[in-house]
Amino acid sequence: MAQDEYIKTLMSNFRPKAAVEKRIPNQQLESGLGESEAHKMSFLQNEILRVFEDIRELKIEGDKKRLIKIDGRNEEILKVLYPVFSVDVTRFINFLLTKFFEEHPEIVKEIKKSFKSL
């Protein structure tokens, strides 16, 4: 039962834009947030929805599969990605890896350099 409530809570936090915009005034009343804080919260929710849309649109080139172990604390999040946000875990992980390697090109260079020296 607690797991069902957890999923419902997650789903209620992330709805399409229209639902998010309708919910902001209620959140202001319940939490006592000021206008600027509620606007910031709305912006963050919209930004998250935009990132999820980018993940859904990610094209995965390749057909290799890799078995990886997922930490327990991350598994709980990954389990609800698809049912709540319609985001495939494979796309999500590929998206994170792509962003990480784009932000840290020195890692890729070092790996290639080390590989050449073998």
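Which ones in segment 83-109 are in contact (Cβ under 8 Å) with a residue 12 or more places away in the chain, assigned to a helix (DSSP H, G or I) and open to solvent by 60 Å² or more (accessible area, probe 1.4 Å)?
Across segment 83-109, the qualifying residues are PRO83, THR90, ARG91, THR98.
Can you confirm whether ILE55 is modelled with pLDDT of 90 or more, among the β-branched types (Val, Ile, Thr) and either loosely packed, with under 11 Cβ neighbours inside 10 Å or touching a Phe, Trp or Tyr at 6+ places or on another chain (Cβ under 8 Å) (or both)?
Criteria met by ILE55.
Would you pick out the residues in segment 30-46 that are surrounded by fewer than 10 Cβ atoms within 10 Å (Cβ to Cβ), modelled with pLDDT under 65 and in a helix (DSSP H, G or I)?
Selection gives GLU30 alone.
Can you tell me which residue in segment 58-80 is nearest to PHE92 (Cα to Cα), limited to those that are open to solvent by 100 Å² or more (accessible area, probe 1.4 Å) and part of a loop (DSSP other than H, G, I, E, B)?
The extreme case among them is LYS59.
The values are calculated or read from the model by the stated rules, or taken from the named source; none is laboratory data. Given the structure is predicted, the values throughout are model-derived calculations rather than measurements. Heads up, the Cβs are rebuilt from the backbone with ideal geometry, glycines too, and the neighbour counts pull from every protein chain shown. Ligands, DNA and RNA are excluded from the accessible area calculation, which covers all protein heavy atoms including side chains. Shrake-Rupley method; radii C 1.70, N 1.55, O 1.52, S 1.80 Å.
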